[in-house]
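Report on the structure given below.
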Amino acid sequence: MSKSICALVHKPGSTREAFQAYYESNHAPLAIGLFPFNGYVRNHLVDPGDFGWDTISEFWSDDIDKAAALMAGPIGDTMRADEERFMDRNRIAPGGAEESILSPGEPADPAGRRTALLLSYGGEARESETARAYAEQLAEEHGGVSLDMVSPWSEPAFPAQAVVWLPGWVEPAAPAGIALRALRANRVATPPEALLGDRDGTTTA
């Protein structure tokens, strides 16, 4: 199972609330009928401040590169036409995600709330190791913790080199030498039975 991650934002003249509402009522249902996803989650940000994006989406597939390649054909034309209706396409920030599930538990609290801890650093191996050690320490204190090590796919690049996901809304202290941004989100997951790639009843999301 492979994964990608993407930061998305509303088009100029619109609002975060309108973007998130259209995403759920129109764009997500369109996508699940076209792509072979095994998991599809929208993390709609709450009061993101100056972060610059409204939603961080997660996608799982048996072959995420093959799924992404569908954007080069008619499916991509359909998706782009819908994106023009509600998002700023110039600000789409995707990346591949090497996912590690670090502690057992639900990925969000019963209200669907979770926290995205975005970690940014210079990119040296020791800094990557520090980020992973930080995530592992959080997993000793919390259930439902996962880590995405992100590789940018295009410009603009996904706005972090790693994301630690925790259930509930929390704001832990930052690790030494690494910039941290804590974002509160409402997690919305498409049911497994609705996904093209996962109608056998199994999922990673």
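The values are calculated or read from the model by the stated rules, or taken from the named source; none is laboratory data. Computed from a predicted structure; not experimentally measured. Reconstructed Cβ throughout: ideal geometry from the backbone, glycine too, with neighbour counts over all protein chains shown. We work out accessible area using only protein heavy atoms, side chains counted, and drop any ligands, DNA or RNA first. Shrake-Rupley method; radii C 1.70, N 1.55, O 1.52, S 1.80 Å.
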Pairs where the first residue, in region 141-156, is free of Cβ contacts under 8 Å to residues at least 24 places away in the same chain and the second is among the aliphatic types (A, V, I, L, M) and open to solvent by 20 Å² or more (accessible area, probe 1.4 Å), C-beta under 9 Å, 6+ apart:
none
Just wondering, is there one or more residues in region 69-81 that are out of contact with any Phe, Trp or Tyr (no Cβ under 6 Å at 6 or more places or on another chain), exposed (fewer than 12 other Cβ atoms within 10 Å of the Cβ) and closer than 21 Å to Leu183 by Cβ?
no
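Could you please find all residues in region 22-77 being among the small types (Gly, Ala, Ser) and assigned to a strand (DSSP E or B)?
Matches in region 22-77: Gly39, Ser57, Ser61.
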Restricting to region 16-34, name every residue that is open to solvent by 10 Å² or more (accessible area, probe 1.4 Å) and hydrophobic (A, V, I, L, M, F, W, C).
Ala18, Ala21, Leu30, Ile32, Leu34
For residues that are among the charged types (D, E, K, R), surrounded by fewer than 15 Cβ atoms within 10 Å (Cβ to Cβ) and assigned to a helix (DSSP H, G or I), tally how many sit in region 115-141.
4
All-but-one check, Gly49 against (1) surrounded by 13 or more Cβ atoms within 10 Å (Cβ to Cβ); (2) closer than 29 Å to Leu180 by Cα, failing number (1)
Here is a list: Gly112, Gly168, Gly105. Which entry is on the phi > 0 side of the Ramachandran plot and open to solvent by 20 Å² or more (accessible area, probe 1.4 Å)?
Gly105
Say we look at region 142-155 and pick out the residues that are among the small types (Gly, Ala, Ser) and surrounded by fewer than 19 Cβ atoms within 10 Å (Cβ to Cβ); which of these is modelled with the lowest pLDDT?
Ser154
